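Values quoted throughout were computed directly from the atomic coordinates according to the rules given, and no laboratory measurement underlies them. Quick caveat, the model's predicted, so the values are computed rather than measured. Here the Cβ positions follow ideal geometry from the backbone for every residue, glycine too, while neighbour counts run over all protein chains shown.
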Amino acid sequence: MKSIIGRKMGMTEVFAADGTMYPVTVIEVLPNVVVGKKTTEKDGYEALQVGYEEIAERHLNQCELGLYKKANVSAHAHLYELKGDEIYGKNVGETLTADLFQAGEVVDVIGTTKGHGYSGTIKRYHNHIGPKGHGSGYHRQIGSLANNGRCNNRVIPGKTMSGHWGPHQATLENVTVIASDKEKGYILVKGGIPGPKKSIVMLRSAILEQFRKPEVKPLVNNAKKGE
């Protein structure tokens, strides 16, 4: 098991040597600097504390700044805990880079979905709009709450209603890594992933790994032409 932090940059397409096209999401993976280690003896579990994306010290409070100074590393904007036997051997000050995952590996992507605020049923669940003519005053309402005589004391659970729509944590399982590049600092994964552009995501080894990993053909230039 291994994991790493990155930032979703958007989607594009890449081509294999035989012309196969892969729709991919580009994940920027800057070096994940190890800031601290959680141990079983002291904390009850094992994990790495990593900092992502360097930032000026003036943007941090004294508690946060003290953590980085103790580790003798530069200040970072984000601090996460990563678990995995394959990465726990890293020491404070060392880094995790994009080549942690290679083409063909299957991963889980954890992100935060887009926030839409308080939304009605038309936008949230794609319900139909009511008639707009002949004096109808029913356009974007919630609809009937009747339950056909069953459980008349309450609304049956599962009724689509208006409410807060995102953001929440979502995990997309069994995503194939198409390519990774340590020098340019990116990982390409097949298809879309949760979250808006520029959002932070975590890649980890797939928990429910498929019985057979899908074959990934070598790319033409390991990235889209003109990148």
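Side notes on the structure shown:
- Which listed residue is in contact (Cβ under 8 Å) with a residue 40 or more places away in the chain, among the small types (Gly, Ala, Ser), out of contact with any His (no Cβ under 6 Å at 6 or more places or on another chain) and farther than 25 Å from Ile178 by Cα, from Ser3, Ser119: Ser119
- Test: Ala103 is more than 19 Å from Val201 (Cβ to Cβ) and among the hydrophobic types (A, V, I, L, M, F, W, C): no
- Checking Gly66, Gly111, Gly135, Gly130 one by one, the residue that is surrounded by 11 or more Cβ atoms within 10 Å (Cβ to Cβ) and in a loop (DSSP other than H, G, I, E, B) is Gly130 and no other.
- Residue satisfying all of: in the range 146-160; closer than 18 Å to Arg124 by Cα and surrounded by 10 or more Cβ atoms within 10 Å (Cβ to Cβ); farthest from the chain's Cα centre (by Cα) among these: Lys159
- For the range 1-39, the tally of residues that are assigned to a loop (DSSP other than H, G, I, E, B) and among the small types (Gly, Ala, Ser) stands at 2.
- Enumeration of residues in the range 1-26 that are crowded, with 19+ Cβ neighbours inside 10 Å and in contact with a Gly (Cβ under 8 Å, 6 or more places away or on another chain): Ser3, Lys8, Val24, Thr25, Val26
- Whenever a residue of the range 168-188 is within 11 Å of Thr25 (Cα to Cα), its partners that are exposed (fewer than 14 other Cβ atoms within 10 Å of the Cβ) and among the polar types (S, T, N, Q), lying with C-beta atoms within less than 8 angstrom and at least six residues away or across chains, give the pairs Val177/Gln102.
- Cβ-Cβ distances below 6 Å connect the following pairs, each with a first residue in the range 64-75 that is more than 12 Å from Gln49 (Cβ to Cβ), a second residue that is surrounded by fewer than 18 Cβ atoms within 10 Å (Cβ to Cβ) and not β-branched (Val, Ile, Thr), and a separation of six or more residues or different chains: Leu65/Glu57; Ser74/Glu54; Ala75/Glu57; Ala75/Leu60.
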